[in-house]
1. Amide H neighbours of Asp54 under 5 Å, at least 5 residues apart or on other chains, H built in the peptide plane: list them.
2. Can you put Val46, Val131 in order, fewest other beta carbons within 10 Å first?
3. Report the FRET efficiency, 1/(1 + (r/R0)^6), for Asp102 and Thr44, where r is their Cβ-Cβ distance and R0 is 25 Å, rounded to 0.05.
4. Stokes-Einstein at 10 °C, 1.306 mPa s, Kirkwood radius from Cα pairs: D for region 1-138 in µm² s⁻¹?
5. Quick one: order Tyr111, Tyr85 by neighbouring beta-carbon count within 10 Å, fewest to most.
6. Which far-off residues, 5 or more places away or on another chain, put their amide H under 5 Å from the one on Ile99, with H placed in the peptide plane?
Amino acid sequence: MADNQTKSGALLSWIGGIAATVIAGVLVYHFTIPPTPTPPPPSTQVGLNGFVEDDVTQKPVVDAIVTADLGAQLASQPTDSQGRYAFIMNSTTPPAQSINIDVLVAGYERYTATVPIASGDNFAGIQLQPVPAPVAPTPPGQPVAPVRLPPKPTLILHMPRNYNIRTDTTALRPK
């Protein structure tokens with residue numbers, strides 16, 4: 001009988017040793033794994049699209065270089081055959097309240113504006129002023145014509161009913 005108690009005591013010690021080893025391994029694993037990193041805040045995208053047109057003729061301005069500046073992000077693209085442009089940019093943190101627009105094209109005054117934006121899609125129609133034709137110098141003794149200043153550039157913040165939003169902007173998405 002004493003021999004059975006010795007055998008069962010040895011078996012219990014052996015099982016206890018295995019259980020202690022497994023528990024110790026689980027505890028070591030639990031306390032040594034790195035903490036799960038907090039995910040970054042979700043990135044929201046800001047879309048800006050619109051058109052560029054001549055202020056006098058209301059015709060589209062083709063190949064005007066439109067530059068959008070959203071804080072640390074800067075993107076440029078030419079307008080298409082209908083004067084349209086479109087940008088999709090990741091918003092900054094905290095979300096930007098405005099975007100700076102710059103438009104350059106030969107034959108027109110440079111256009112610069114700050115456009116208020118919200119997350120999601122935004123629209124800005126831009127009307128450019130043509131560069132006035134050079135004036136011949138006034139001959140001596142002739143009256144000088146009064147100087148006419150051009151009006152300030154116009155920014156349209158409503159979408160016309162006949163405006164089609166550009167759908168081929170996959171190449172413009174940030175990589």
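Every number here is computed from the coordinates shown, using simple stated rules; none is lab data. It should be emphasised that the depicted structure is a prediction, and the values quoted were computed from it without experimental measurement. Here the Cβ is made from the backbone with ideal geometry for all residues, glycine too, and neighbour counts use every protein chain on show.
1. Lys59, Val61, Leu128
2. Numbers: Val46 22, Val131 12.
Ordered by Cβ neighbours within 10 Å, fewest first: Val131, Val46.
3. Numbers: r = 23 Å, r/R0 = 0.94.
Efficiency for this residue pair is about 0.60.
4. Numbers: Rh = 20.5 Å.
The Stokes-Einstein estimate is 77 µm²/s.
5. Numbers: Tyr111 22, Tyr85 27.
So the ranking, lowest neighbour count to highest, is Tyr111, Tyr85.
6. Val115, Ile117
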